[in-house]
Amino acid sequence: MAKTGTTTQGLRAAIERSGYYPALVAEAVEAAIGGEAIGSYLVHQETTFDANEVRRHVTVLVLTGTRFIVSHTDEQAADGTSPTPYATTSTESVKIGRISSVVLSRVVANPEKYVPGTPPREVVLTIGWGAVSRIDLEPAACGDPNCEADHGYTGSSTADDLSLRVSEAGDGPDAVRQTLAFAQALSEATAETAR
């Protein structure tokens with residue numbers, strides 16, 4: 001489920017509608033926002049299955065006039081460190097000028113029949129600001145199939161601070177539209193700071 005909008009009351013209502021520890025999530029997000037006005041937000045809850053357990057996770061993204069705020073809340077089963085189930089909430093505040101990339105991947109069915117304005121069936125929003133990078137390496141090779149020389153390695157480095165997948169089948173068409181709206185607001189905000 002994803003919800004987006006532009007008001008503090010709307011953000012609080014979206015967090016409450018997610019049904020995922022709303023008091024805990026709202027307190028953490030509102031503390032990170034402080035007194036700033038909200039430009040846009042997105043609340044996305046996902047459920048995953050881990051062996052015999054169902055785990056829930058909520059991500060809240062908030063755009064203010066100067067910052068991009070990311071909040072993650074996860075629940076954990078009782079373990080060696082805690083005799084009772086517990087939740088972990090983290091927030092990160094990033095200056096908009098630090099955002100180096102906003103990537104929006106769209107998946108559309110029957111691309112030969114695509115009509116402009118039709119929402120994709122799935123989107124993946126990836127945002128990079130330099131906190132996390134992933135390096136993928138593989139052995140390098142030359143064009144000679146009989147060559148046995150060591151050509152070293154080749155690879156790529158990818159900024160991968162946040163990746164959020166939203167699908168029509170899993171989250172509903174409104175969630176896809178809301179993710180598109182948030183991605184556009186974030187892209188516009190980063191373009192403004194680049195000027």
*When only Cα pairs under 8 Å and 6 or more residues apart are kept, what is the percent relative contact order across the stretch 77-179?*
25 percent
*Acute angle (nearest 10 degrees) that the helix 8-18 long axis makes with the longest principal axis of the chain, alpha-carbon atoms*: 70 degrees
*How much length is gained if the chain between residue 100 and residue 16 is pulled fully straight, taking 0.36 nm per residue apart and subtracting their Cα-Cα distance, in nm to one decimal?*
27.1 nm
_Nearest 10 degrees, 0 to 90: helix 22-33 Cα axis against the chain principal axis_ = 70 degrees
*On full extension of the chain, what length is gained from residue 147 through residue 184, given 0.36 nm per residue of separation minus the C-alpha to C-alpha distance?*
8.5 nm
_At 0.36 nm per residue, and after removing the present C-alpha to C-alpha distance, how many nm does the segment from residue 135 to residue 57 gain when stretched out fully?_
25.5 nm
*Quote the FRET efficiency, to the nearest 0.05, computed for residue 49 versus residue 193 with a Förster distance R0 of 45 Å and r equal to the Cβ-Cβ distance.*
0.70
*Using +1 at the Cβ of each Lys and Arg and -1 at the Cβ of each Asp and Glu in the chain, identify which of 25, 181, 76 lies farthest towards the dipole's positive end.*
181
*Work out the FRET efficiency for residue 163 and residue 118 from their Cβ-Cβ distance, taking R0 = 25 Å, and round it to the nearest 0.05.*
0.60
*asked:* Using only Cα atoms and rounding to the nearest 10 degrees, what angle (0 to 90) does helix 173-194 make with the longest principal axis of the chain?
replied: 80 degrees
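Every read-out reported here was derived from the displayed coordinates using simple, explicitly stated rules and does not represent laboratory data. Being a predicted model, the structure only gives us computed values, none of them experimental. FYI the Cβ positions are ideal-geometry reconstructions off the backbone, even for glycines, and counts take in every protein chain you see.
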